[in-house]
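Novice: First the structure, then my questions, so here it is.
The values are calculated or read from the model by the stated rules, or taken from the named source; none is laboratory data. These numbers were taken from a predicted model, which means no experiment stands behind them. Positions of Cβ are generated from backbone atoms using ideal geometry, with glycine treated the same way; all protein chains shown enter the neighbour counts. Side chains are part of the model used for accessible areas, which takes the heavy atoms of the whole protein and leaves out ligands, DNA and RNA. Shrake-Rupley method; radii C 1.70, N 1.55, O 1.52, S 1.80 Å.
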Amino acid sequence: MRRRSLLIAVPAGLATLAACGDDKADSSEASGSPSPSAPESSAAPSPKIVDGPLPAITAGTEFGQKPTVAKGSGEPSKDLAVKTVIAGNGQTVAENDYIQAHYLGQIWATAKVFDNSYDRKTPLVIQLAQGSIIDGWRYALPGKKVGSRVQMAVPPTWGYGTQGNSQAGIKGTDTLVFVVDVQGTFNSKSSAKGSKVAQDDAKLPAVGTNTDGKAPEITVPDADAPTKLVANYILEGDGEEVGAEDSVLVQYEGVLWDGGKEFDSTYANKQLASFSLQQVVKGWAQGLTGKKVGSRVLIVIPPALGYGDNPPQGSDIKKDSTLVFSVDILAKM
């Protein structure tokens, strides 16, 4: 299993899409990870943000390069020290956004690197929300722009607290130094940005191609539902392909083939969804595997790959329902 970031908390799953009665569903990605989440006592007061002191970045000084950072000199600030080392010109990050970033973290007093994403060659995607990430990030990154390199020194109050993090070798008195390259930011107004793909099968639902963050219209035809899984590009992105064991960050809308009634939507909830493809119904897992990040995908799920005769309690999904989804793949996690 790919090692998970020390910063990340357990990603939020989707109750509606959770695999039902499938003994192959694997929750180890979310719940069995050896990496700790943000401290449960993450309720520190808002910090005063200062511009230093911060140790020098001595190598890897360009955006996206793995940095080498000197050991801290003298005593670190008791406040949260934050500096924009490289100013980007992309979208502005807001609190509660999901950010995509490469980063390196080390201990002020020793320069010991305890975590970095550059060696994993996979950026972190995580929500800047209380309980999801250490407070230092949550306070330091809002207001920064995509394309920025941000350096911060995080005292224990806004890091791992007095308990530290023994797994990472962090003591309860350690100030942590991070360099963060902000590659993307996503929120409830985000959409896929891929190229339009022709929708020329009149027997399949038509899906809107708007990219304004609003729910695309799904029009179900007056026809028999397909008996096999359909997973077609509506907008084709140019990002990495999603693997069968990956986790993804998405916008989605789900409607019933019979009648076209919406039964679930991140647009209506005004909150993005993140989950492992090993934890959802087979139709989702199979339909998104191999699709590119940045895409909008039409997925039509026959009952055998959805909920069959065991739909979620309290939902509008009936037994043996064919489900229709529009899914925007915003990022791999």
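Novice: Would you be so kind as to identify which of S166, A202, T61 lies farthest towards the positive end of the dipole of the chain, taking Lys and Arg as +1 and Asp and Glu as -1 on Cβ and the Cα centre as origin?
Specialist: T61
Novice: Set the bar at 26 Å for Cα to Cα. Now go through K203/K261; K189/K228; K112/K292 and name every pair that lies beyond it.
Specialist: Long pairs (Cα-Cα over 26 Å): K189/K228; K112/K292.
Novice: Once every Cα of the stretch 213-333 carries one equal point scatterer and solvent is ignored, give the base-10 log of I(q)/I(0) from the Debye formula at q = 0.12, 0.18 Å⁻¹, two decimals.
Specialist: The Debye formula, applied to the Cα set alone, gives -0.39, -0.93.
Novice: Please list 3J(HN,Hα) in residue order for the stretch 278-289, calculated via the Karplus relation 6.51 cos²θ - 1.76 cosθ + 1.60 where θ = phi - 60°; whole Hz, with x for glycine and proline.
Specialist: 7, 10, 10, 4, 4, x, 5, 4, 6, x, 8, 4
Novice: When all alpha-carbon pairs of the stretch 116-207 are counted, what percent fall beyond 15 Å? Each step should come with its number before you reach the end.
Specialist: Numbers: 3001 of 4186 pairs.
Pairs farther apart than 15 Å: 72 percent.
Novice: Could you give the length gained by full extension between A223 and K145, i.e. 0.36 nm per residue of separation minus their alpha carbon distance, to one decimal place?
Specialist: Roughly 23.4 nm would be gained on extension.
Novice: Next question. When the gyration tensor of the stretch 75-229 is built from Cα positions, what are the square roots of 5 times its three eigenvalues, in whole Å, from largest to smallest?
Specialist: Numbers: eigenvalues 355, 55, 37 Å².
So the three semi-axes of the stretch 75-229 are 42, 17, 14 Å.
Novice: Measure off 7 Å from each Cα along the Cα-to-Cβ vector at S188 and T92, then give the distance between these two points in nanometres to one decimal.
Specialist: 1.9 nm
Novice: Quick one: if the Förster radius is 51 Å, what FRET efficiency do Q199 and E62 give, using the C-beta to C-beta distance and rounding to 0.05?
Specialist: Here the calculated transfer efficiency is 0.75.
Novice: Would you kindly compute the Cα radius of gyration of the chain and its largest Cα-Cα separation (Dmax), both in Å?
Specialist: 21.6, 73
Novice: How many times 2.2 N^0.38 Å is the alpha carbon radius of gyration of the stretch 125-168?
Specialist: On the way: Rg = 11.5 Å, N = 44, 2.2 N^0.38 = 9.3 Å.
For the stretch 125-168, the normalised Cα radius of gyration is 1.24.
Novice: Alpha carbons only, please: Rg and Dmax for the stretch 151-204, in angstrom.
Specialist: 22.0, 64
Novice: Still on this structure, please answer the following. Report the calculated FRET efficiency for T110 and D258 (r = Cβ-Cβ distance, R0 = 51 Å), to the nearest 0.05.
Specialist: According to the calculation, E is roughly 0.20.
Novice: Compute the FRET efficiency between N269 and D51 as 1/(1 + (r/R0)^6), taking r as their Cβ-Cβ distance and R0 = 45 Å, and round to the nearest 0.05. Let's see the in-between values first.
Specialist: Details: r = 38 Å, r/R0 = 0.85.
After rounding to 0.05, the efficiency reads 0.75.
Novice: Which is farthest toward the positive dipole end of the chain among A273, P45, Y307, measuring Cα position about the Cα centre, with Cβ charges +1 (Lys, Arg) and -1 (Asp, Glu)?
Specialist: P45
Novice: Run the accessible area of the stretch 122-194 with a 1.4 Å probe and give the carbon-and-sulfur part as a rounded percent.
Specialist: The computed percentage sits at 48.
Novice: Given H placed on each backbone N at 1.01 Å, which residues far from V154 in sequence or on other chains put an amide H within less than 5 Å of it?
Specialist: Counting only residues 5 or more places away or on other chains, the set is L176, V177, F178.
Novice: Step through the residues of the stretch 217-224 one at a time and calculate ³J(HN,Hα) from phi using the Karplus curve (6.51 cos²θ - 1.76 cosθ + 1.60, θ = phi - 60°), rounding each to whole Hz and writing x for Gly and Pro.
Specialist: The phi angles translate into 6, 10, 10, 8, x, 7, 7, 5 Hz.
Novice: Karplus couplings for the stretch 141-146 from phi (6.51 cos²θ - 1.76 cosθ + 1.60, θ = phi - 60°), rounded to Hz, Gly and Pro as x?
Specialist: Those phi angles translate into 8, x, x, 7, 9, 4 Hz.
Novice: Still on this model: Report, ordered by chain and residue number, the lysines lying within cross-link reach of K48, taken as a straight Cα distance under 24 Å and ignoring same-chain residues fewer than 8 apart.
Specialist: Partners found: K71, K78, K83, K144, K145, K171.
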